[in-house]
Amino acid sequence: MTRSRSKQHAHIKDTHQQPLVYIVILNYGTADDVLELIESLCAVSYTRYHVVVIDNASPDDSVSVLKKRLPSTITLIANTENNGFAGGNNVGIRYALEKGADYCLLLNPDTVVHERFLDELISVAENPRAVEILAMEHKGVTPGMWGPRILYYDLDAPPTKAQSNIVYFDGGALNAMLTEGRPQNYRARVADLKRSKPFVCDYVTGAALLVSREVIEQIGLIPEEYFLYYEDTEWNIRAHRAGYASVTVPASIIWHKESRSTKKFSYNYLYYLTRNGYFLAMRNGNLWQRIAVYPFSFFKFLKQPVKWILIPSKRSFVKPIMRATFDFWRHRMGQRS
């Protein structure tokens with residue numbers, strides 16, 4: 001939905017109007033979710049944005065469905081092959097930058113947004129006082145990536161009751177090994193949380209990530225070597241190294257339908273999460289983290305036969321975790337063969 005006219009020439013930010021935001025939605029076989037997300041985006045109060053839907057070579061009829069049912073103001077780009085999370089989103093980011101975007105917002109198709117979610121994100125990103133406060137609290141860093149508070153969308157509830165107040169993601173925290181990220185305030189009730197002002201976190205998830213043009217031009221596009229999972233985390237880390245912070249904005253709210261395109265605890269989920277966690281540490285850790293990841297992965301590998309024998313309910317976890325560890329040791333990244 002175009003709410004403004006795209007700029008066609010060299011990028012000059014107009015300080016007298018709202019920043020131009022390009023919302024990039026990556027679809028892989030979830031056309032119905034995309035359409036529900038678009039419906040919620042139609043109601044947002046922020047006016048200067050454009051939506052780009054990237055179909056990542058869906059194996060179903062997603063492209064034909066979206067062509068028929070998307071508003072004509074939305075740009076639809078159909079990839080000829082599945083380029084993974086990073087590769088697919090990078091197509092949309094390149095398009096957005098070419099059209100003069102001030103900000104890019106990555107948004108998972110299995111989300112629904114609050115009408116003021118984008119206003120809240122942009123108001124923090126553009127507010128000099130908010131930037132100043134965060135800089136004072138965190139040794140002079142400048143915010144460069146922002147994310148909303150993500151709540152659970154209750155798939156079992158009636159449509160009018162589906163938008164829950166239970167936290168799914170409230171900024172991410174990395175473990176000491178740098179091999180695993182965890183959502184903060186996971187499954188907490190919003191009413192029980194005291195923190196309401198923007199705060200710095202280790203990373204904001206690619207499920208809903210606002211990034212400025214300035215940051216993209218300095219750190220580059222999302223790293224594509226991972227294929228699925230942790231590429232967004234490395235992107236955050238690259239921003240940190242360039243002097244930018246990741247910020248969660250609790251006043252900005254969206255709802256997430258957990259693991260629609262990749263089922264939780266499926267083979268792919270376990271494989272990519274395990275393998276890419278090791279690569280995250282190997283590529284971005286300090287010296288001890290890069291050394292420690294090998295014995296750490298070996299110990300986890302040795303646990304799998306024990307799990308097979310003692311915990312029958314988790315036998316389906318064993319093969320993808322062992323395969324992921326083997327591929328890490330062999331330095332095999334990208335899409336699994």
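The values are calculated or read from the model by the stated rules, or taken from the named source; none is laboratory data. For clarity, every value in this text was computed on a predicted model and none was experimentally measured. As a convention, Cβ positions derive from the backbone with ideal geometry for all residues, glycine included, and neighbour counts pool all protein chains shown.
Within the set Ile222, Ile216, Ile254, the sole residue that is modelled with pLDDT of 95 or more, part of a strand (DSSP E or B) and surrounded by 16 or more Cβ atoms within 10 Å (Cβ to Cβ) turns out to be Ile254. In this structure, Lys307 does not satisfy being more than 19 Å from Tyr230 (Cα to Cα), surrounded by 14 or more Cβ atoms within 10 Å (Cβ to Cβ) and touching a residue at least 40 places away in the same chain (Cβ under 8 Å).
Within the range 49-71, the set of residues being free of Cβ contacts under 8 Å to residues at least 40 places away in the same chain and hydroxyl-bearing (Ser, Thr, Tyr) comprises Ser58, Ser62, Ser64.
If the condition is being on the phi > 0 side of the Ramachandran plot and of a type outside the set (Ser, Thr, Tyr), then the range 186-240 contributes Arg187, Gly220, Phe227.
For every residue, the table says whether it meets (1) in a loop (DSSP other than H, G, I, E, B); (2) surrounded by fewer than 19 Cβ atoms within 10 Å (Cβ to Cβ); (3) under 17 Å from the mean Cα position of the chain (by Cα).
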| residue | (1), (2), (3) |
| --- | --- |
| Gly144 | no, no, yes |
| Thr160 | no, yes, no |
| Asn165 | no, yes, no |
| Ala176 | yes, yes, no |
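Considered as a group, the residues in the range 225-242 that are over 13 Å from the mean Cα position of the chain (by Cα), over 13 Å from Asp202 (Cα atoms) and not hydrophobic (A, V, I, L, M, F, W, C) include one that is surrounded by the fewest Cβ atoms within 10 Å (Cβ to Cβ), and that residue is Glu225.
Suppose the filter is in a helix (DSSP H, G or I) and in contact (Cβ under 8 Å) with a residue 60 or more places away in the chain; does Ser40 pass it? Spelling it out, Ser40 is indeed in a helix (DSSP H, G or I) and in contact (Cβ under 8 Å) with a residue 60 or more places away in the chain. Screening Arg238, Arg275 for residues that are within 21 Å of Asn90 (Cα to Cα) and part of a helix (DSSP H, G or I) leaves exactly one candidate, Arg238.
Of all residues in the range 39-53, one or more are out of contact with any Gly (no Cβ under 7 Å at 6 or more places or on another chain), modelled with pLDDT of 95 or more, more than 20 Å from Trp146 (Cα to Cα) and among the aliphatic types (A, V, I, L, M). Among the residues of the range 200-216, which ones are farther than 14 Å from Leu106 by Cβ and free of Cβ contacts under 8 Å to residues at least 60 places away in the same chain? Across the range 200-216, the qualifying residues are Cys201, Asp202.
Annotation: of all residues in the range 26-52 being within 22 Å of Leu155 (Cβ to Cβ) and β-branched (Val, Ile, Thr), the one that is surrounded by the most Cβ atoms within 10 Å (Cβ to Cβ) is Val34.
Return yes when Asn90 is more than 16 Å from the chain's Cα centre (by Cα) and either at pLDDT below 95 or of a type in the set (S, T, N, Q) (or both) and no when it is not. Spelling it out, it is not the case that Asn90 is more than 16 Å from the chain's Cα centre (by Cα) and either at pLDDT below 95 or of a type in the set (S, T, N, Q) (or both).
Only one of the numbered conditions (1) of a type outside the set (Asp, Glu); (2) buried (at least 20 other Cβ atoms within 10 Å of the Cβ); (3) within 24 Å of Pro143 (Cα to Cα); (4) out of contact with any Leu (no Cβ under 6 Å at 6 or more places or on another chain) is not met by Val249, and that is (4). Would you confirm whether any residue within the range 278-295 is polar (S, T, N, Q), within 30 Å of Lys161 (Cα to Cα) and not in a loop (DSSP other than H, G, I, E, B)? No; the residues of the range 278-295 include none that is polar (S, T, N, Q), within 30 Å of Lys161 (Cα to Cα) and not in a loop (DSSP other than H, G, I, E, B).
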